[in-house]
Amino acid sequence: MMKGLKFEDIELWRRFKRGDNEALSLIYSVNSPKLYRYGLKLTSNHSIVEDAIQDLFSDIVRNRKNLGDTDHIQFYLIKSFKRRLKRELSNEKRYNLDFEDKDYSFGITYSIEQSIILEEGSNQKINLLRNALNDLTPRQKEAIYLKYNQDLEYEQIAEIMNIGIEGSRNLIYRAVKALKDSLKENKSLLILFLHKLT
Amino acid sequence: MAITDKEKYLKYDSTEEFILDKYFYTWVLYPNEEQNLFWNSFIDQYPGKSNLIREAALIIKSFQPIEPEVPEYKLNLILHKILNPEKTIILSRYRGVKYAAALAIFLAIGSLIWVSVSKENRFPIQAGIMTGMKGRIILANGSTREFDTEKTSIKQSSSGHLTINNDTLEIKADKSSSDINKVMIPYGKRSEIMLADGTHIWLNSGSQLSYPTEFKSDSREVYLSGEAFFDVKPNPEKPFYVITRDVRIKVLGTSFNVSSYDEDNTCQTVLIKGRVSAGKNQLFAKTIDLIPGERMTYDKKNRSITKDKVDIKFHESWISGYLLFDNEPITEIYKKLERYYNKNIETEKGLDKISFSGKLDLKDRLEDVLENISFASAVKVQERNGSYIIKK
């Protein structure tokens, strides 16, 4: 399935570069909501996010003839979008923070109560998981988000977050392990619960 | 997935390995039939792994964030600015009105693309491809048959024969291809389908059904977009599932009605007789049981499920060619008539507060049906260029 998608991406991108506005609309309507949601996790300022989206697309439209090929449009756009957002944020005095700074935050709220139904996890387990999720570092949260919600690969996450590939692997592995370990403290309850299910 | 992949997963002995595996988390987040088959059989074969798998699925699901509302109109405006970098200023200064109209049309087109794209998840039926006036069946081997009848009868036999009205086709099974047939019924038409197992389905206007030519696996699964009435052949060994974009209904020999149009805000299941259990179309989703006369409603906005009692005659009448309503907002009735007759019906604002009770005969011409509603509900009908406009 992924291979099929990538082939479509190559073709779609080429159509866009040839000046096909229908291809542009398609690329835009698939990706702009994703960029918007990602952007709002890096800043709560909607208009900065909107400006960054407009600038990004205006630029690629203006330079469309000179753009290289890509087999992963979403990745290409996210990477470029984050760079712009970062620049626009540092232009604004109030938002003068550097992403590479230790103290940036990744503003994400987990919908754990809605996405997990009581059948799958007891209240206690859900509480443990929620606490562990909130204890993740902003960088771990961002990496997890890019992998599981934007469906990106380690290499791509590494580039977007400006770290090495091993770094992105480690970031995600540690986060996953922390979550699993949080449930371990409650192992006896888990076994009891699984008995009830089977 | 081949057997070698099962061997790969057999070697996994920690929750983390499953969580990090792409094929695994794709299944948890966007399950489809093929993946369900693979993982269910894997768990059956290696029950020792089931605890790891459950824990991994739980953690992956916990990653789901509450996403902020994305203002579509703003994104549409941005797209407009991107597409028209210079025109924006000139037009808005000199030809304000025309510009506004052009923008409105553009936004309408923009949001059309939008809808068809954002609904494109991994549900096998895609939104927005019900074009044309003819009914169609896309066969497992990739070929397409069209039919033009008002009411088409389709009969699938387990030997691979397919009869459309009185035409019998012999479909050679191609082992490499999938064995799914897809029936598409445009607005204004209907179809009656008999599946290989004897299950009888009435497919309403503007609906699509995907079904396997033969039920080989240990469950019978069909996919529905739109509205259908099912009379399912009982077979306790092979439960029958109706899967819509949002809801999965498990059937144990029974008849019931499912209405799940993409353009509607809810997906409704009404049970006529027998027993079904239904829940969200998600992995390990909680299900609720229905008894005859009960309706389950899935609200797409809040993603919530509710259950209430209804009078079943209002939900099975369409298969006999008439519609019954009890205090139904007339705007909802016009939606149904639009689909049934494939005509455009526009309603003025505020009409949703007017309700209608009674019987509409769908053998009547649309003009007469609209006239009947107008008479009872004190609204006016105007015809313009083949569309109907309803006013207070």
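The values are calculated or read from the model by the stated rules, or taken from the named source; none is laboratory data. Since the model is a prediction, treat every value here as computed from it, not as a measurement. FYI the Cβ positions are ideal-geometry reconstructions off the backbone, even for glycines, and counts take in every protein chain you see.
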Strands (runs of 3 or more DSSP E) contained entirely in the range B:266-356, each with at least 1 residues that are over 29 Å from A:S122 (Cα atoms) and in contact with a Phe, Trp or Tyr (Cβ under 6 Å, 6 or more places away or on another chain)
B:266-273, B:322-329, B:345-347
Complete set of residues in the range B:60-75 that are assigned to a helix (DSSP H, G or I) and either under 30 Å from B:E7 (Cβ atoms) or more than 9 Å from every other protein chain (Cβ to nearest Cβ) (or both):
B:I60, B:K61, B:S62, B:Y73
For B:Y341, which of the numbered conditions (1) in contact with a helix residue (DSSP H, G or I) (Cβ under 7 Å, 6 or more places away or on another chain); (2) among the aromatic types (F, W, Y); (3) modelled with pLDDT of 85 or more fails to hold?
(3)
If you take the residues in the range A:27-55 that are among the hydrophobic types (A, V, I, L, M, F, W, C) and more than 15 Å from A:W13 (Cα to Cα), which one is nearest to the chain's Cα centre (by Cα)?
A:L35
Just for the range A:56-75: of the residues that are closer than 23 Å to B:P65 by Cβ and part of a helix (DSSP H, G or I), which one is farthest from the chain's Cα centre (by Cα)?
A:L56
Take the residues in the range A:15-30 that are crowded, with 20+ Cβ neighbours inside 10 Å and either in contact (Cβ under 8 Å) with a residue 12 or more places away in the chain or basic (K, R) (or both), then tell me which one is nearest to the other protein chains (Cβ to nearest Cβ).
A:Y28
In the range B:148-165, how many are without any contact (Cβ under 8 Å) to a residue 24 or more places away in the chain, part of a loop (DSSP other than H, G, I, E, B) and of a type in the set (V, I, T)?
0
State whether one or more residues within the range B:366-381 are polar (S, T, N, Q) and within 26 Å of the chain's Cα centre (by Cα).
no
Among what's in the range B:211-233 and is in contact (Cβ under 8 Å) with a residue 24 or more places away in the chain and in a loop (DSSP other than H, G, I, E, B), pick the residue that is farthest from B:N32 (Cα to Cα).
B:K233
Which pairs have Cβ atoms under 8 Å, sit 6 or more apart or on different chains, and link a residue in the range B:324-335 that is within 16 Å of B:E346 (Cβ to Cβ) to one that is surrounded by fewer than 17 Cβ atoms within 10 Å (Cβ to Cβ) and among the basic types (K, R)?
B:P329/B:K353
For the range A:129-158 the number of residues that are modelled with pLDDT of 90 or more, more than 22 Å from A:L183 (Cα to Cα) and in contact with a helix residue (DSSP H, G or I) (Cβ under 7 Å, 6 or more places away or on another chain) is 7
Please count how many residues of the range A:160-176 are touching a helix residue (DSSP H, G or I) at 6+ places or on another chain (Cβ under 6 Å) and either closer than 21 Å to B:E55 by Cα or touching a residue at least 60 places away in the same chain (Cβ under 8 Å) (or both).
6
Answer yes or no as to whether B:V379 is within 26 Å of B:K151 (Cβ to Cβ), among the β-branched types (V, I, T) and buried (at least 16 other Cβ atoms within 10 Å of the Cβ).
no
Which residues, counting only those in the range B:39-59, are of a type in the set (S, T, Y) and within 13 Å of chain A (Cβ to nearest Cβ)?
B:S50
Checking the structure you have, find out if any residue of the range B:360-375 is in a strand (DSSP E or B) and surrounded by 14 or more Cβ atoms within 10 Å (Cβ to Cβ).
yes
Tell me, yes or no, whether the range A:39-53 has at least one residue that is closer than 24 Å to B:E69 by Cα, modelled with pLDDT under 75 and assigned to a helix (DSSP H, G or I).
no
Would you confirm whether any residue within the range B:18-38 is out of contact with any helix residue (DSSP H, G or I) (no Cβ under 6 Å at 6 or more places or on another chain), modelled with pLDDT of 85 or more, more than 19 Å from A:Y148 (Cα to Cα) and within 11 Å of chain A (Cβ to nearest Cβ)?
no
Quick one: what pairs do we get from the range A:41-62, first residue facing chain B (nearest Cβ under 9 Å), second outside any helix (DSSP H, G or I) and of a type in the set (G, A, S), C-beta under 8 Å, 6+ apart or different chains?
A:K41/A:G107
Mind checking which residues of the range A:85-104 are at pLDDT 55 or above, in a loop (DSSP other than H, G, I, E, B) and loosely packed, with under 13 Cβ neighbours inside 10 Å?
A:E92
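Rundown of residues vs (1) under 23 Å from the mean Cα position of the chain (by Cα); (2) over 27 Å from B:M184 (Cβ atoms), yes/no style:
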| residue | (1), (2) |
| --- | --- |
| B:T306 | yes, yes |
| B:S317 | yes, no |
| B:F325 | yes, yes |
| B:K343 | yes, no |
| B:K349 | no, yes |
| B:L360 | no, no |
Cβ-Cβ below 6 Å, separation at least six or inter-chain, first residue in the range B:28-43 and farther than 13 Å from B:I60 by Cβ, second among the basic types (K, R): which pairs?
B:N32/B:R122; B:F42/B:K6
